[in-house]
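The values are calculated or read from the model by the stated rules, or taken from the named source; none is laboratory data. The structure presented is a predicted model; accordingly, all values stated were derived computationally and were not measured. With ideal geometry, Cβ positions are generated from the backbone for all residues, glycine too; neighbour counts draw on all protein chains shown.
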Amino acid sequence: MARWVVSPAGTEGYAKAEVMRGGVDTRCLSSQTMEAKTVPGLYIVGEAVDMTGWLGGYNFQWAWASAVAAGKAVAERVKG
Ligand SMILES: Cc1cc2nc3c(=O)[nH]c(=O)nc-3n(C[C@H](O)[C@H](O)[C@H](O)COP(=O)(O)OP(=O)(O)OC[C@H]3O[C@@H](n4cnc5c(N)ncnc54)[C@H](O)[C@@H]3O)c2cc1C
């Protein structure tokens with residue numbers, strides 16, 4: 001029989017957390033540049049955004065990809 005149901009009793013909390021929910025709402029940011037829609041010049045990336053993926057690289061990918069998008073936008077901004 002393969003009907004063994006496992007019910008987690010809880011988590012080990014913040015100290016052991018590998019990724020956290022919460023952060024800046026994606027609707028407040030440009031999906032192209034990660035710039036805050038209401039605060040020009042403010043870019044928010046990675047864990048600070050309300051994006052959470054499964055472990056296995058999705059959070060790294062998000063952190064790196066959003067940072068590259070923001071970095072390119074900042075470079076363009078500085079260049080004028
Ligand atoms: C134990 C562990 C294992 C993980 N394993 C995986 C995994 O297998 N796969 C996966 O996809 N994700 C994993 N993650 C999640 C992943 O590491 C994060 O989602 C990702 O690193 C977030 O990148 P970030 O640059 O947004 O934030 P961070 O990597 O947290 O970088 C933030 C940086 O800002 C610095 N900082 C904070 N406050 C200040 C301040 N006031 N002034 C200056 N600097 C400051 C911090 O020191 C830190 O260097 C893991 C996380 C943990 C904790």
inquiry  = All but one of (1) part of a loop (DSSP other than H, G, I, E, B); (2) exposed (fewer than 14 other Cβ atoms within 10 Å of the Cβ) hold for Val68; state the number of the condition that does not hold.
reply    = (1)
query = In the stretch 49-61, what residues are over 14 Å from Glu18 (Cα atoms) and surrounded by 13 or more Cβ atoms within 10 Å (Cβ to Cβ)?
reply = Val49, Asp50
ask   = Before we move on, is Lys79 loosely packed, with under 13 Cβ neighbours inside 10 Å, more than 16 Å from the ligand (Cβ to nearest atom) and of a type in the set (Lys, Arg)?
value = yes
ask   = What number of residues within the stretch 14-55 are touching a residue at least 24 places away in the same chain (Cβ under 8 Å), within 13 Å of the ligand (Cβ to nearest atom) and on the phi > 0 side of the Ramachandran plot?
value = 3
request  = Quickly run through the stretch 1-13 and pick out the residues that are of a type in the set (Gly, Ala, Ser) and within 16 Å of the ligand (Cβ to nearest atom).
outcome  = Gly13
ask   = Can you find a residue in the stretch 31-40 that is small (Gly, Ala, Ser) and either modelled with pLDDT under 95 or buried (at least 17 other Cβ atoms within 10 Å of the Cβ) (or both)?
value = no
